[in-house]
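Undergrad: Take this structure first; my questions come after.
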């Protein structure tokens, strides 16, 4: 089995019936993006993030976002070393390959914003000194729906830095029964093996980055993004960053599907996850999700050869 298939199968062993969510999480990791998992408590958001981290040979750190969490807890702090008579940098929890931000919208907006530089530039600046983050670097954040008590809305600038947003949803009846049997005596996450080394993961990322995207498919992505900006039901459309990340995610999905070129179907499948959370709908409209699906359905699909010549 190929490395991507091993990862999906390994994570699926602890999360029943959520193959699409697992595959999207892997796509974001291979595209060097960040993932936002939004749903009600108890449906496996954190388990998905932990299982993906355990499956690959990379450093993983978890940040539990709470109202009293400080920005320095995330980025780090310059502490005075009395023996050396100088300040030295103490790295924060963001210094890992995979950072799990649990319930990110329970922290204050100031603390949430501590991730902005790290997510966009892969670096952290503390007291005027910039510290680079190791590659790969991915944030997998979970959040509860905004109507739940004790939550703060993520700023638009931070939502735009997440490559994709997904929802887990409730498991079907068979999956929930299987969960009861499998987790009655032990947590399978405690014994989840690593199936891909750090070197293999880096190679997977490089191969996904090299997947071919024809000019016609690139134009198709641009047309979809521009259509969201012109849709009368949308007040704030997709940013240029969204277009770039849609292409990167489509390349990673093509790699996971064992292709070396991107199809319009890859773009269509990912557009709701990549674009919806970035849009702001007009009041009284049918919402961003319906707008994205309407735009994708109305945008002409490119024809002709899409493979590398």
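The values are calculated or read from the model by the stated rules, or taken from the named source; none is laboratory data. Keep in mind that this is a model prediction, so the values were computed, not measured. Reconstructed Cβ throughout: ideal geometry from the backbone, glycine too, with neighbour counts over all protein chains shown.
Undergrad: Say whether the condition of being part of a helix (DSSP H, G or I), modelled with pLDDT under 95, within 15 Å of residue 164 (Cα to Cα) and not assigned by TED's automatic domain parsing to the domain that holds residue 14 is met by at least one residue in region 279-288.
TA: To start, the set of residues in region 279-288 that are part of a helix (DSSP H, G or I) comprises 288.
Next cut, modelled with pLDDT under 95 only: 288.
So of that shortlist, the ones also within 15 Å of residue 164 (Cα to Cα) come out as 288.
Narrowing further to those that are not assigned by TED's automatic domain parsing to the domain that holds residue 14: 288.
Checked region 279-288: at least one residue is part of a helix (DSSP H, G or I), modelled with pLDDT under 95, within 15 Å of residue 164 (Cα to Cα) and not assigned by TED's automatic domain parsing to the domain that holds residue 14.
Undergrad: A further question follows. Select from region 203-213 the residues that are out of contact with any strand residue (DSSP E or B) (no Cβ under 7 Å at 6 or more places or on another chain) and surrounded by 15 or more Cβ atoms within 10 Å (Cβ to Cβ) and list them in ascending order.
TA: 204, 205, 207, 208, 213
Undergrad: Ok, one more. Can you spot a residue in region 67-81 that is surrounded by 13 or more Cβ atoms within 10 Å (Cβ to Cβ) and within 19 Å of the chain's Cα centre (by Cα)? Give the derivation first.
TA: Step one: of region 67-81, the residues surrounded by 13 or more Cβ atoms within 10 Å (Cβ to Cβ) are 69-78.
Right, trim to within 19 Å of the chain's Cα centre (by Cα) and you get 74.
So far as region 67-81 goes, yes, one or more of its residues are surrounded by 13 or more Cβ atoms within 10 Å (Cβ to Cβ) and within 19 Å of the chain's Cα centre (by Cα).
Undergrad: Among the residues of region 20-36, are any part of a strand (DSSP E or B), on the phi < 0 side of the Ramachandran plot and under 15 Å from the mean Cα position of the chain (by Cα)?
TA: yes
Residues checked against (1) farther than 25 Å from residue 134 by Cα; (2) loosely packed, with under 12 Cβ neighbours inside 10 Å; (3) at pLDDT 90 or above:
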| site | (1), (2), (3) |
| --- | --- |
| 156 | yes, no, no |
| 159 | no, no, no |
| 164 | no, no, yes |
| 168 | yes, no, no |
| 178 | yes, no, no |
| 183 | yes, no, no |
| 189 | yes, no, no |
| 193 | no, yes, yes |
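Undergrad: Looking for whichever is crowded, with 20+ Cβ neighbours inside 10 Å, at negative phi and either touching a residue at least 60 places away in the same chain (Cβ under 8 Å) or not assigned by TED's automatic domain parsing to the domain that holds residue 247 (or both) here; the options are 267, 262, 292, 301. Which one fits?
TA: Only one candidate qualifies: 292.
Undergrad: Please work out if residue 167 is in the same structural domain as residue 53 (by TED's automatic domain parsing) and under 19 Å from residue 28 (Cβ atoms).
TA: When the stated conditions are applied, residue 167 passes them.
Undergrad: Let me ask something else about it. So, residue 77, is that one modelled with pLDDT of 90 or more, assigned by TED's automatic domain parsing to the domain that holds residue 8 and in contact with a strand residue (DSSP E or B) (Cβ under 9 Å, 6 or more places away or on another chain) or not?
TA: Taking the combined requirement at face value, the residue does not satisfy it.
Undergrad: Condition first: under 17 Å from the mean Cα position of the chain (by Cα) and exposed (fewer than 14 other Cβ atoms within 10 Å of the Cβ). Can you find one or more residues in region 3-11 that meet it?
TA: No: region 3-11 contains no residue that is under 17 Å from the mean Cα position of the chain (by Cα) and exposed (fewer than 14 other Cβ atoms within 10 Å of the Cβ).
Undergrad: So residue 198 fits all but one of (1) out of contact with any strand residue (DSSP E or B) (no Cβ under 6 Å at 6 or more places or on another chain); (2) within 30 Å of residue 301 (Cα to Cα); (3) surrounded by 13 or more Cβ atoms within 10 Å (Cβ to Cβ); what number is the exception?
TA: So residue 198 meets the others, but not (2).
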